[in-house]
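Student: Below: one structure in structure tokens.
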Amino acid sequence: MRALVVGDTGGIGAAVAAQLRARGATVEGLSRQRNGFDVTNPAQAEAVLEELEGPFDLMFVATGALVNTRDVPEKSLRELTAEEMAAQFAVNTIGPALVMKQASRLLARRERSVFAALSARVGSIGDNRAGGWYSYRASKAALNQVIRTGAIELARSHKQAVCVAMHPGTVATDFTARYPAHKKVAAEEAAANLLRVVDGLTPAQSGGFFDYAGLEVPW
């Protein structure tokens, strides 16, 4: 198996890459820390992606940001700013979209292949009961639409491809350190859960949104 993990130095991404290697997979990683791969710099990101050579059996995008220009997500409309919203979309939507742009070239064409990107349950419109977190919610909802739309296109040329958005649960990383009240799992456990779900998905489920237990999340 050959895999590409984008964001392989972050909590979840590093754990996913480690577990894939433990399985015997060949893993190529991209991250800002490791090789300067910056999803907020589209020209640079696309240049790096275009140098990659496939095929990959798995492309796993583990990048993301809960906040960018502020300390905590917005609790009300009064706190909404164009700067934060634009920054959230750059990391959480545009970055993964640029990676997915290369999927038709990089994913294995005739065999089963998977493109998976970390989304979040709070990106679900149907499941939104608490409000708040405007920029993060909106950027993840937009990512879900990118995945859904890309899956439709990719299915025309890659009949065995699976493209999914994934909710990892609340994972104990720097990302969630400000939320001690939330029940969390270790990154290693989250990675194992996510890969277990990836292993079981079929092309008929492509374009879906699934949580760490394999349950479908409402759009």
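Student: Please compute the modelled spin-label separation between Asn35 and Lys183, points set 7 Å along Cα→Cβ, answer in nm with one decimal.
Tutor: Rounded to a tenth, the inter-label distance reads 3.9 nm.
Student: Follow-up question, since we're still on this one. Let me know the volume per residue of the alpha-carbon convex hull for region 1-81, in Å³.
Tutor: Hull volume over Cα atoms, normalised by residue count, gives 117 Å³.
Student: Modelling each spin label as a point 7 Å along the Cα-to-Cβ direction, I'd like the Thr202/Thr26 distance in nm, to one decimal.
Tutor: It is 3.1 nm.
Student: Which one of Gly64, Leu30, Pro42 is farthest out on the positive end of the charge dipole of region 26-101, using unit charges on Cβ (Lys, Arg +1; Asp, Glu -1) and the Cα centre as origin?
Tutor: Highest projection toward the positive end goes to Gly64.
Student: Could you list which residues have their amide H under 5 Å from that of Ser119, counting only those 5 or more apart in sequence or on another chain, with H placed in the peptide plane?
Tutor: Met166, His167
Student: Just name one of Ala97, Cys163, Gly200: the one whose Cα is farthest towards the positive end of the charge dipole of the chain (beta-carbon charges, Lys/Arg +1, Asp/Glu -1).
Tutor: Gly200
Student: Which order results if Asp127, Asp57 are arranged by neighbouring Cβ count within 10 Å, fewest first?
Tutor: Asp127, Asp57
Student: Related question: Need one number: nm distance between label points at Arg2 and Glu83, each 7 Å from Cα along Cα→Cβ, rounded to one decimal.
Tutor: 4.4 nm
Student: Over the alpha-carbon set of region 18-136, work out the extent along each principal axis and list the three values in angstrom, largest first.
Tutor: Here the spans come out as 48, 31, 26 Å, largest first.
Student: Work out the length of the dipole vector of the chain about its Cα centre, built from +1 on the beta-carbon of each Lys and Arg and -1 on the beta-carbon of each Asp and Glu, and round it to the nearest 20 debye.
Tutor: 460 debye
Student: Let me understand the chain better: what is its radius of gyration from the alpha carbons, and its Dmax, in angstrom?
Tutor: Cα-based Rg and Dmax for the chain come out at 16.3, 50 Å.
Student: So which helices of the chain fit the span-like rule, where a helix is a whole DSSP H run, its Cα atoms reach 27 Å or more along the axis, and its mean Kyte-Doolittle is at least -0.5?
Tutor: Those that pass (Cα extent of 27 Å or more, hydropathy at least -0.5) are 134-154.
Student: With springs only between Cα atoms under 10 Å, which of Asn144, Asn193, Asn128 fluctuates most in a Gaussian network model of the chain?
Tutor: Taking springs between Cα atoms under 10 Å, the residue moving most is Asn128.
Computed from the coordinates by the stated procedures, all read-outs in this text should not be read as laboratory data. Quick caveat, the model's predicted, so the values are computed rather than measured. Backbone-built Cβ (ideal geometry, glycine too); neighbour counts: all protein chains shown.
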